[in-house]
Amino acid sequence: MKCRFCNSPSYVEIRYPKKINLCKEHFIEYFEDRVKKSIEKYKMLNKDEKILVAVSGGKDGHVAAWILKKLGYNIELFHINLGIKGFSDESLRAVKALAERLNTPLHVVDLKEITGKTIEDIRGKKCSICGITKRYLMNKFGYERGFDVIITGHNLDDEISFILNNVLNWNIRYLAKHEPVLPAHDKFLKKVKIFFEIDEYLILKYAEAEEIPFTTVKCKFAEGAITLKHRDYLNELEKERSGIKLQFLYGYMKNRHLFKVEEEDFQFRECEVCGMTSAGKICSFCRVWKLYKKKRKKENNKGK
């Protein structure tokens, strides 16, 4: 197959909304144009904002950082060392390689230095706790250092698998949160997903085309995650009916008002342990890592 715009060999086939083949050069232009259009469509960013890009070592966050830097945004990188054997060291190496290629500041925080433990040391649903941990630490770091926006690498496949999972479980509160831009409030920074409408496969092809450093090592705790299973059969549906994933997302966006929760249902306050914004007396992070016990122990020692 040949590229639609030149006589070069096809690098990738785009199947929706029109079936076209593109060479590497024209695919890079196509991909960057789609990202720019998403940023404009949802009014995601402006060039005056100080942007913190969360990078885990994988392709999605790395491509987000790469393309935002290329488009002239003011970015810095943020990485969490989770202490997962066979994964965290490889991830950190990839992140450092990216920072060097982009000549961009990199901030690394170590989970064990903050909590005294790693993801390996905890019991329970590690993926869920990992998600709580990442969201908290990147927001706290960004808030304390004056950033305006946090960028994550969540893509179309992530979003529709999360939406489907929450529909199946009728988690109304979570169904209200699937938007490309979550505005700032209290001590929560604005959060943006520039790949909200972009397929994971295209992100991979862009990373390969631009030779962006990233790791392909998978986290051992993600095996068997239900959202990954949702992703698999949604991709099978996509093979049979091109565009079904985007149509599902657009249908959700059109009807997301049905899942809105009244503001008075949420009573935000400061966490009694860390002082960050929380829905309860103690935030999820301080609760799952039992930091409230450390605080009480310090208070008891002071009282003696």
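The values are calculated or read from the model by the stated rules, or taken from the named source; none is laboratory data. Values in this document were obtained by computation on a predicted structure and should not be read as measured data. Cβ: placed from backbone, ideal geometry, glycine included. Neighbour counts: every protein chain shown. These accessible areas exclude ligands, DNA and RNA; they are computed on the full protein's heavy atoms, side chains included. Shrake-Rupley method; radii C 1.70, N 1.55, O 1.52, S 1.80 Å.
Some values worked out for this structure:
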| quantity | calculated |
| --- | --- |
| Rounded accessible area of Met276 (nearest 10 Å², 1.4 Å probe) | 10 |
| 0 to 90° range, to nearest 10: angle between helix 291-303 axis and the chain longest Cα axis | 20 |
| Relative contact order for the chain, counting Cα pairs under 8 Å that sit 6 or more residues apart, in percent | 19 |
| Heavy-atom accessible area per residue - the chain, 1.4 Å, Å² | 55 |
| Rounded accessible area of His230 (nearest 10 Å², 1.4 Å probe) | 10 |
| Check: the range 46-260 dipole with +1 on Lys, Arg Cβ and -1 on Asp, Glu Cβ, in debye | 620 |
| Degrees separating the helix 59-70 axis from the principal Cα axis of the chain, which is the longest one | 70 |
| DSSP-defined antiparallel bridges as percent of all bridges, the range 114-221, nearest 5 | 40 |
| Two-site FRET efficiency, Met1 against Glu90, from Cβ-Cβ distance with R₀ of 45 Å, rounded to 0.05 | 0.80 |
| Nearest-10 value in Å² for the accessible area of His107, using the 1.4 Å probe | 50 |
| Dipole of the range 1-65 [Lys/Arg +1, Asp/Glu -1 at C-beta], most positive-end residue of Phe5, Val55, Tyr16 | Tyr16 |
| Size of charge dipole - the range 33-149 - debye, nearest 20, with Cβ of Lys, Arg +1 and Asp, Glu -1, no other charges | 400 |
| Per-pair calculated FRET efficiency, R0 = 35 Å: Ile172 and Arg241 via Cβ, rounded to 0.05 | 0.80 |
| Evaluated at q = 0.16, 0.19, 0.20 Å⁻¹: base-10 log I(q)/I(0), Debye formula over Cα of the range 145-304 | -1.15, -1.37, -1.42 |
| Among beta bridges that DSSP assigns inside the chain, antiparallel share in %, nearest 5 | 35 |
| For the range 39-155, alpha-carbon Rg relative to the globular expectation (2.2 N^0.38 Å, N residues) | 1.07 |
| Protein accessible area in the chain, 1.4 Å probe - carbon and sulfur % | 50 |
| Computed FRET value (nearest 0.05) for Arg256 with Ala184, which takes r as the C-beta separation and R₀ as 25 Å | 0.80 |
| Proximal aspartates and glutamates relative to Lys125, as straight alpha-carbon distance under 14 Å, when same-chain residues fewer than 8 apart are discounted | Glu223 |
| MRE, 222 nm, helices only [DSSP H, n ≥ 4, -39500 (n - 2.57), over the chain, to nearest 500] | -14500 deg cm²/dmol |
| The range 1-97 shape via C-alpha gyration tensor axes, a/c threshold 1.5 | oblate |
| Quotient of Cα Rg and 2.2 N^0.38 Å for the chain, N being how many residues it contains | 1.06 |
| Solvent-accessible surface ranking, highest first, for Arg231, Arg15, Arg101 at 1.4 angstrom | Arg101, Arg15, Arg231 |
| Where Asp186, Asp110, Asp158 fall by accessible area, highest first, once all protein chains stay in place (1.4 Å) | Asp186, Asp110, Asp158 |
